[in-house]
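Have a look at the structure below, then the notes.
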Amino acid sequence: MLSHEGYCKTFDSTADGYVRGEGAAAIVLSLNDAENIIAYIKSSSVNQDGRSASFTAPNSLSQQSLLKLAISQAGISPDDISFLETHGTGTALGDPIEFSAIK
């Protein structure tokens, strides 16, 4: 499951595993320059996808359910989405499964 090269290449044809790591992200919004708003975050979701075949084989139905919920809560249609952040598993097995949930 771990990358032999030490790099996670999510959704890349040369992906050979994941890399352990912890992280955090912050989004800083400024109201001082309202004329330069370039994006809105209307919804955000995260889940643990429940039972799956293995660590590198996500549950596609759970991923689809999560995306549908986020879209519904945002009050938009899938056609309104211009950016979707994903993490992928970095494996030839898991990445296609997770990507198929987006379709």
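Some points to look at:
- Neighbour net charge for G17 - beta-carbon separation under 12 angstrom, K R +1, D E -1: -2
- Ranked order, L84, L67, L61, L93 - accessible area, probe 1.4 Å, largest first: L61, L93, L84, L67
- Environment charge at S3 (Cβ cut-off 13 Å; Lys +1, Arg +1, Asp -1, Glu -1): -2
- In sequence order, calculated HN-Hα J values of the stretch 61-74 (Karplus, 6.51, -1.76, 1.60; Hz; x Gly/Pro): 5, 5, 5, 4, 4, 4, 5, 4, 5, 4, 5, 5, 5, 7
- Sequence-distant residues sharing a close amide H with Y18 (under 5 Å, placed H): L2, S3
The values are calculated or read from the model by the stated rules, or taken from the named source; none is laboratory data. Computed from a predicted model, the values in this text were never measured in an experiment. FYI the Cβ positions are ideal-geometry reconstructions off the backbone, even for glycines, and counts take in every protein chain you see. The accessibility values were calculated without ligands, DNA or RNA, using every heavy atom of the protein model including side chains. Shrake-Rupley method; radii C 1.70, N 1.55, O 1.52, S 1.80 Å.
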